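A quick write-up on the structure given underneath.
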Amino acid sequence: MNRKCSILVCIIGLIGIALPARAGDVLDRIVATVNNHIILQSEWEDAVCYEAFVAGRAFEQVQAADRKAALDRLIDQELLREQMRSSGFPHADGEEVEKRIREIRKRYAGPEDETSWQAALARYGLTESELKKRVALQVDLMGLVDARLRPSVVIDSKSIESYYNQELLPQLRQSGGQPVALAEVTPKIKELLTQQKMNQMLVAWLQDLRSGSQIRMDPGSRGFEGQLR
């Protein structure tokens, strides 16, 4: 199990990273501030586009609730970026970033199909350099969370055995799969339970960061219904 691919994505979706707006973009209004850091509507829309791109979702599938969730994630991500800057956390390894980009690319084009890949990027208003910056920040933040929370997680053998008997074996029986020995799947179960625990800890950590921060949202941003590019 690739712990950095699966960890925490469903909680904060570390994909809609706020980056400086591209040259020529219209900075129409401020939608939120996080400890005096401004989040612009253009950044918000860029984040929505990026999230749709990496998820392989068409624009017409993006709802108002998805946009609101993207803004909430931008706020959480800025709080985590502050933690990363203050701790001097090292940046992501280049190979790890490239691996993630290759995974995204598989949804749209083969490794030799450059035309389809560029067309997909353009459809979502992205360039390769922007994609690389966003993925690098995603990997950075996932690494920060992993380094901060993982050392505090303890998974005992009783919890592993309980998951094996109450979750894994029933799933295998229902799907018609062959039973596997507890010892064979113990590392994977331990990692899964570790990530579940880290998800819970991350929610609490973000709540603490929010409570100790100055966060202001533009009243109009809660009902934003703007069109994507």
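The values are calculated or read from the model by the stated rules, or taken from the named source; none is laboratory data. Please read all numbers here as calculations on a predicted model, not as lab measurements. Note that we place each Cβ from the backbone using ideal geometry, even for glycine, and neighbour counts take in every protein chain shown. Each accessible area value is taken on the protein alone, full model and side chains, heavy atoms only, with ligands, DNA and RNA left out. Shrake-Rupley method; radii C 1.70, N 1.55, O 1.52, S 1.80 Å.
Can you say whether GLU95 is farther than 22 Å from LEU202 by Cβ, out of contact with any strand residue (DSSP E or B) (no Cβ under 7 Å at 6 or more places or on another chain) and among the acidic types (Asp, Glu), as far as the supplied structure shows? For GLU95, the condition - farther than 22 Å from LEU202 by Cβ, out of contact with any strand residue (DSSP E or B) (no Cβ under 7 Å at 6 or more places or on another chain) and among the acidic types (Asp, Glu) - is met.
Would you kindly identify the helices (runs of 4 or more DSSP H) lying entirely within the stretch 111-227 that contain at least 1 residues that are within 28 Å of ARG67 (Cα to Cα) and open to solvent by 50 Å² or more (accessible area, probe 1.4 Å)?
Values: elements: 114-123, 128-149, 157-163, 169-175, 182-211.
Fully inside the stretch 111-227 and qualifying: 114-123, 128-149, 182-211.
For the stretch 86-102, filtered to residues that are assigned to a helix (DSSP H, G or I) and farther than 24 Å from GLU43 by Cα, the residue that is modelled with the lowest pLDDT is SER87.
Residues that are open to solvent by 70 Å² or more (accessible area, probe 1.4 Å) and over 18 Å from LEU141 (Cα atoms) are absent from the stretch 79-100.
The numbered conditions (1) of a type in the set (Ser, Thr, Tyr); (2) closer than 24 Å to LEU202 by Cα; (3) at pLDDT below 95 are all true for THR127 except (2).
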